[in-house]
1. Provide a single number: the residues in the stretch A:113-157 that are over 13 Å from B:HIS210 (Cβ atoms) and of a type in the set (Lys, Arg).
2. Identify the single condition in (1) of a type outside the set (Asp, Glu); (2) assigned to a loop (DSSP other than H, G, I, E, B); (3) closer than 26 Å to B:LEU102 by Cβ that B:ILE78 does not satisfy, given that it satisfies every other one.
3. Quickly run through the stretch B:116-132 and pick out the residues that are open to solvent by less than 10 Å² (accessible area, probe 1.4 Å) and within 14 Å of chain A (Cβ to nearest Cβ).
4. So how many residues does the stretch B:134-146 have that are open to solvent by less than 20 Å² (accessible area, probe 1.4 Å) and either part of a helix (DSSP H, G or I) or away from every other protein chain (no Cβ under 14 Å) (or both)?
5. Does the stretch B:147-164 include one or more residues that are within 13 Å of another protein chain (Cβ to nearest Cβ) and either among the acidic types (Asp, Glu) or not in a loop (DSSP other than H, G, I, E, B) (or both)?
6. Working only within the stretch A:111-126, note down all residues that are closer than 18 Å to A:VAL160 by Cβ and either surrounded by 21 or more Cβ atoms within 10 Å (Cβ to Cβ) or at the interface with another protein chain (Cβ under 8 Å from one of its Cβ atoms) (or both).
7. From the list A:THR93, A:THR140, A:THR134, which residue is within 12 Å of chain B (Cβ to nearest Cβ) and not charged (D, E, K, R)?
8. For the stretch B:42-64: of the residues being in a helix (DSSP H, G or I) and under 19 Å from B:PHE74 (Cβ atoms), which is farthest from the chain's Cα centre (by Cα)?
Amino acid sequence: MVRDVNGRKRCGCGRMTNEIKISPIKNGTVLDHLNSGAIYKILQVLDLTDYTVTAAMNVESRKAGKKDVMFIEGKELNEKELGKIALIGKGATVNIIKNSKIKSKIKLGYPKKVEGILKCINPKCITNMEPIPTKFNIKTDPLEAKCFYCETQLNENEIVESIKK
Amino acid sequence: MKGYLTTTKKPKTKTKFLTDVVSISDFTREDIENVLTQAEKLEKMPVQKKQKILNGKVIASLFFEASTRTRLSFETAIQNLGGRVIGFAEAGVSSFKKGETLSDTIHIIENYADLIIMRHFIEGAAKRAAEISKKPIINAGDGSNQHPTQTLLDLYTIKKEFGKIDGIHIAMAGDLKYGRTVHSLMYALAKFKNVTVYLIAPEILKMPRHIIEDTEKSLKIFETKKLEKYLSKTDVLYSTRIQKERFPDDTEYEKVKNIYVISTKTISQGKKGIKVMHPLPRVNEITTAVDKTSAALYFEQAANGVPIREALLMMLKDVKK
């Protein structure tokens, strides 16, 4: 739970609750229920240089104990960007905010396939030699990504490291 | 009243064979058995009949990386089936040297040939070629990734020798970490029943964990560092070359290069009727004295590359993608 600069209570989507000091957003995206520490990784893979971003780490969460929350003013994330976040924060919710109201809410799960999102870690892979989009099949428990072309398998850490900017 | 026996049961429909041969993982057990059956039929087929199979067909043989057995056995197979071959035996004589992409090369060759055989040092090259080509692609090896025709000829050799693949006890010795033949063979054997695999390798050349995890539900797997440990139970001893080029430094290579040398003494310690296989070329893994024994199956194994490749050419020649 968070409290804004005026001391009003708000939750991740900007609605009134308790605790964290964060301003609500009028239009944009709120990423809620992110795993603790996911914010670092998300900032590395999304280009948010032109947007106002407010983030809270290790916020108390009834479900997970602790979570990260992120507010992006003026930007609705596209499918490719959501694909990247899905690989980092399974179970995160994405709230699209319009005129201070929740326009849509999506719970992210692992995708079965991703295209153009990951870079293959195999330097000899065709996708690192020719300008073609990468394709990976995703397996869960444990999270693994297999290159469609060279069949190289990436573990969870390698997946996060390989997400393209 | 013959008609009264008419059944309403639908006849079994044959599942369609693959449109390209890229990875052994794409094969079902039925696909593998189909190829082995066709290879067996082709071995018995009269030459004149065989010569008509690829009549009027042009097969492109694109070898971006040097090869002896694979290229020559493919080209022999094409000649045996009455087809014509175009292509090159090394990347240096192709437009690759001028900077042409693989995609462009394939788009050009697909208009010249009815089927494309390709070996490339780039991993995933065959998958990419299959994705964009209107004509069927046979992967003759893509870097250290896949070499499906080698796996099929390995299985064919086992089937010919033992009459079955189910229930076989196979020991794989040598470089199990980097050797693509043993990786593909593990996945292929996992499609059969009651196969036992003994993995013999020093610590630094052990079979990758993920391959064991992927296959252990189907295969009975035992790991050891000692060549002799399971010899008394082994039907096939599959030896692989320890590849010098894979080692970061020469000292590490020197430590393991002659770790498993199969000699006549090794054979005498083994199960009666034990056979030795090797994808070749060999360096010091098998002494030449073994060549004269009945255990030596590796030259026959290499020869089996021809009927297997003939079978694949026959099965893919009219594929519409």
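1. 4
2. Of the numbered conditions (1) of a type outside the set (Asp, Glu); (2) assigned to a loop (DSSP other than H, G, I, E, B); (3) closer than 26 Å to B:LEU102 by Cβ, the odd one out for B:ILE78 is (2).
3. B:MET118, B:HIS120, B:ILE122, B:GLY124, B:ALA125, B:ALA126, B:ALA129, listed by residue number.
4. Here the count works out to 3.
5. The answer is yes, given that some residue of the stretch B:147-164 is within 13 Å of another protein chain (Cβ to nearest Cβ) and either among the acidic types (Asp, Glu) or not in a loop (DSSP other than H, G, I, E, B) (or both).
6. Within the stretch A:111-126, A:VAL114, A:ILE117, A:LEU118, A:CYS120, A:ASN122 qualify.
7. Testing whether each residue is within 12 Å of chain B (Cβ to nearest Cβ) and not charged (D, E, K, R) leaves just A:THR134.
8. Selected residue: B:VAL47.
The values are calculated or read from the model by the stated rules, or taken from the named source; none is laboratory data. In this text, all values refer to a predicted model and were calculated from it rather than measured experimentally. Positions of Cβ are generated from backbone atoms using ideal geometry, with glycine treated the same way; all protein chains shown enter the neighbour counts. Ligands, DNA and RNA are excluded from the accessible area calculation, which covers all protein heavy atoms including side chains. Shrake-Rupley method; radii C 1.70, N 1.55, O 1.52, S 1.80 Å.
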